[in-house]
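**Student:** One structure, pasted below without further comment.
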């Protein structure tokens, strides 16, 4: 269901405060503050998402993509590079943090801009794709580093590239024998499902295993069109994983998180990561506590199949990588070689380790 009176706007991506006022997505008195946000942070809401937003209510899609004056507030501890990408930028377009895998970022533009993105100050409509020379250098870096087992395409959203630009990248990676896995992180299945064409799917496949990680934070995003886009990938042998962010006012209730994880699994998308929100500047209004995240994970463990369980992770500020921060169910017991184990109903049981 779209906003009333949006017929002249919802056939194109909305990018300005004036358009948001016309659609009833922000109040007129907020326009000047949102224009200030726009000066440094890009705005984009795809036509598909615009059709789903219900103005005037607490809408989980609007909260993720409609800019807020709260973004002008920089809380203590928030960072321009919250996960420490910069020190690991080997050459333009390459972030090489872990020994066996790296990020290839061919473009810094997205079809929609999440208001909580940890790269929100690096991506945008002014973001550039790698030049031909830079892309060649990035691919040469991967070719030279034989320890790289997995290449992760990120950005920006790599699927914003045309097939003519994207598929040759995949062809080059498939031709490197040491690259065994190619992974894409994207929002396209939910933001613009029509992008997932038969030609695209065919062009991505090759010698290496290809996985796609869908960024999605609320079950409302998984429309019939999104479901069909996911099916086109899975039915053609490309497995799907999910990546979500724990967001106040979007998915921080047991009902919303349960609905999201069930929706993933029903569409053959395996829940992968649930991220604790990174310390990006101007995002404090989305932030929950780790304790809240652990409580939600405990509730999921009792309510949902093991297929529906993501790994709750924190990307440690400063470039130290991701670490699991979910609740622990194991504690030491007074007896030798013994533990107390908590079950999903919060009952506690003595377990003697007889190994």
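The values are calculated or read from the model by the stated rules, or taken from the named source; none is laboratory data. Since this is a predicted model, take the numbers as computed values, not measurements. All Cβ positions, even for glycine, are placed from backbone atoms using ideal geometry, and neighbour counts span all protein chains on display.
**Student:** Hey, any hits in the stretch 90-109 for a residue that's over 26 Å from residue 137 (Cα atoms) and either assigned by TED's automatic domain parsing to the domain that holds residue 250 or surrounded by 16 or more Cβ atoms within 10 Å (Cβ to Cβ) (or both)? First the steps, then the outcome.
**Tutor:** Residues of the stretch 90-109 that are over 26 Å from residue 137 (Cα atoms), as a first pass: none.
No.
**Student:** Let me ask another. Quick check on my filter: what residues within the stretch 17-54 are part of a loop (DSSP other than H, G, I, E, B) and buried (at least 16 other Cβ atoms within 10 Å of the Cβ)?
**Tutor:** Step one: of the stretch 17-54, the residues part of a loop (DSSP other than H, G, I, E, B) are 23-27, 39-44, 46, 53-54.
Residues satisfying the conditions are 23, 25, 26, 41, 42, 43, 44, 46, 53.
**Student:** Return only the number of the condition from (1) over 30 Å from residue 37 (Cβ atoms); (2) surrounded by fewer than 20 Cβ atoms within 10 Å (Cβ to Cβ) that residue 271 does not satisfy.
**Tutor:** That leaves (2) as the condition not met.
**Student:** Among the strands (runs of 3 or more DSSP E) confined wholly to the stretch 110-218, which include 1 or more residues that are within 22 Å of the chain's Cα centre (by Cα) and modelled with pLDDT under 95? Before the answer, list the steps.
**Tutor:** Values: elements: 150-155, 181-186, 209-215.
Here the list reads 150-155.
**Student:** Then there is this: Check the stretch 231-238 and report whether any residue there is farther than 18 Å from residue 46 by Cβ, touching a strand residue (DSSP E or B) at 6+ places or on another chain (Cβ under 7 Å), in contact (Cβ under 8 Å) with a residue 40 or more places away in the chain and assigned to a helix (DSSP H, G or I). Steps first, answer last, please.
**Tutor:** Step one: of the stretch 231-238, the residues farther than 18 Å from residue 46 by Cβ are 231-238.
Cutting the leftovers down to touching a strand residue (DSSP E or B) at 6+ places or on another chain (Cβ under 7 Å) gives us 233-234, 238.
Narrowing further to those that are in contact (Cβ under 8 Å) with a residue 40 or more places away in the chain: 233.
Now drop any that are not assigned to a helix (DSSP H, G or I), which leaves 233.
Among the residues of the stretch 231-238, at least one is farther than 18 Å from residue 46 by Cβ, touching a strand residue (DSSP E or B) at 6+ places or on another chain (Cβ under 7 Å), in contact (Cβ under 8 Å) with a residue 40 or more places away in the chain and assigned to a helix (DSSP H, G or I), which makes the answer yes.
The rows are residues; the columns are (1) surrounded by 11 or more Cβ atoms within 10 Å (Cβ to Cβ); (2) in contact (Cβ under 8 Å) with a residue 12 or more places away in the chain; (3) out of contact with any strand residue (DSSP E or B) (no Cβ under 8 Å at 6 or more places or on another chain); (4) within 30 Å of residue 77 (Cβ to Cβ).
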{"site": "298", "(1), (2), (3), (4)": "yes, yes, yes, yes"}
{"site": "315", "(1), (2), (3), (4)": "yes, yes, no, yes"}
{"site": "342", "(1), (2), (3), (4)": "yes, yes, no, no"}
{"site": "345", "(1), (2), (3), (4)": "no, yes, yes, no"}
{"site": "348", "(1), (2), (3), (4)": "yes, no, no, no"}
